[in-house]
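What follows is a short report on a single structure.
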Amino acid sequence: MSWEFRKLGPGENVAVEAQKDPFAAPKWAPPVWHMPEGLVLMVNAVRVLVRTVVFLVRNIVPVSVAAGLGWLGYRYGWVPPVLVLALVLVVLTTWAVADRPSFVRYAVRPAQSRWRLVTVYRRDWQPVLVTAGLTKTHKGREYLPSLVRVRSGSTSDRVLVRMLKGQAPDAWERVAANLAHGFGAQLVRVRQGDKPGRIWLEFVRRDALSRPLPALPVPDPAEVDLRGVVIGRQEDGSPWRLRLLGTHVLIAGATGAGKGSVIWSTVRALLPLMLAGLVEVWAIDPKRMELSFGRALFERYGRYSSDPNGGMVKLLEQAAEDMNARAEEFAGLTRAFAPSHEHPFRVVIVDELAFLTAYSPERDLRKRAESALSVLTSQGRSVGYCVIGAQQDARKEVNNLRNLFPDRIALRLDESDQVDMVLGDGARDRGALADQISSVPEIGAGVGFVRLETSPDPVRVRAAYVSDDDIRAMLALGLPDVEAA
């Protein structure tokens, strides 16, 4: 037997049985207790008091400033508050002119963060999260994730959130598009927080990488750090530092995605140490188009020729042999590599990796190339060898060595599934939308996502564009008597 309950009116205390059985005896329910009007007023007053205290605590600085100016105006008239404001304005202007970076960091950004916290995120926090399904209701009470902190930058906001108990970051990743539209951002990425139960939401307000980045100046030798050579810019405006020492790098991208920009920006950043004899670059160029233009800069150069793969494969095997000889020499003497003239840091660049491992018509040469690459990528990091491999095809059967590349770069890709193939499972859910990068060269060439060995979160970057004239200038700088091909 089913029952249907309705809201009881004054003096009613019974539940009416469903219309299916109108002759059934009524069932008595406990009387409904109504809160006295005086108690309702007291509860509302307490709520207003609590909200007022919370507002004052959250806005202690502006409230204190306003209260202080108001007291000065009440006690001494309107002249003292105006003089104080004028003095503060002069100090801020002088600070901004004398040291703009520190002014932006310590004055502009905190004020911007506070403003966006109040006017954007806190204002729309509850309705957006309710619509996105990130709240929970239990026994008539709504539980809402807490908004902890907002840090605003020039192009994005980082919002620290305390999740509900039992909630996981993937629940936020699934509704990232809802959050982006709800708070007026282009896109949202979910990052791990500073402690369990917390996450960072990265709201991208505008694209800082929409314009091509010209070639960066050739650095001084003392400024080159192999643990992070500057080759471009990150989405937050900071330099993109690509680590070479102690790692290998895989670059994947469709035709015209900008793989050459990453490679040549890396060579340009290494040029001072190359000229000093502390770094050697060995280049393999199956296409004979990308690296041949500046081949005079490379210590060794292999290309596709009348000996289709023999020369390139022999170069890889020579690198593997030299690496084994160096490892034998270092055994028992040192565990940390430091480049020297006797033992320079060697970067082996393979422009089209898939040609050697999958597309070569000679099966024996494919096996030899794959064997040499396996040795270099599995053992070369600790003795000063770094392999940079570039490829167009992201499929596993084309390159089954990609797990030996700790650091990976995904430029524009053709399909969404290829993002996880290159960067690892779940990378696209964490915001690496490499399949949505524009195919227009002026907008998307050199733009990509980097996933490092030390962090699962992809970072959006753009490599600087090194033109033919820039390569000629590099040749003239290091080899004034050699002309570009």
Any residue that is more than 18 Å from V461 (Cα to Cα) and crowded, with 20+ Cβ neighbours inside 10 Å - is there at least one of those in segment 225-242? yes
Check segment 267-279 and report whether any residue there is in contact with a helix residue (DSSP H, G or I) (Cβ under 6 Å, 6 or more places away or on another chain), assigned by TED's automatic domain parsing to the domain that holds V459, under 25 Å from D420 (Cβ atoms) and not in a loop (DSSP other than H, G, I, E, B). no
Is there a residue being in the same structural domain as E299 (by TED's automatic domain parsing), surrounded by fewer than 19 Cβ atoms within 10 Å (Cβ to Cβ) and on the phi < 0 side of the Ramachandran plot anywhere in segment 346-357? no
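Every residue, every condition in (1) of a type in the set (D, E, K, R); (2) in a helix (DSSP H, G or I), yes or no:
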site	(1), (2)
G426	no, no
D429	yes, no
A432	no, no
D435	yes, yes
G448	no, no
P456	no, no
D469	yes, yes
R472	yes, yes
L477	no, yes
Could you list, in sequence order, the residues of segment 398-419 that are of a type in the set (D, E, K, R) and either in a helix (DSSP H, G or I) or not assigned by TED's automatic domain parsing to the domain that holds E370 (or both)? R402, D417
Determine which member of the set D469, D481, D425 is out of contact with any strand residue (DSSP E or B) (no Cβ under 9 Å at 6 or more places or on another chain) and modelled with pLDDT of 90 or more. D469
Out of P308, P286, report the one residue that is at pLDDT below 90 and crowded, with 17+ Cβ neighbours inside 10 Å. P286
Among the numbered criteria (1) hydrophobic (A, V, I, L, M, F, W, C); (2) out of contact with any Gly (no Cβ under 7 Å at 6 or more places or on another chain); (3) in a helix (DSSP H, G or I); (4) closer than 28 Å to A394 by Cβ, which one does M312 miss? (2)
Exception for H343 within (1) under 21 Å from T247 (Cβ atoms); (2) crowded, with 17+ Cβ neighbours inside 10 Å; (3) over 32 Å from the mean Cα position of the chain (by Cα) falls at (2)
Take the residues of segment 107-122 that are surrounded by 14 or more Cβ atoms within 10 Å (Cβ to Cβ) and among the charged types (D, E, K, R): which is farthest from L92 (Cα to Cα)? R116
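The values are calculated or read from the model by the stated rules, or taken from the named source; none is laboratory data. Keep in mind that this is a model prediction, so the values were computed, not measured. Neighbour counts are summed over all protein chains in view; Cβ atoms, including those assigned to glycine, are modelled from backbone coordinates with ideal geometry.
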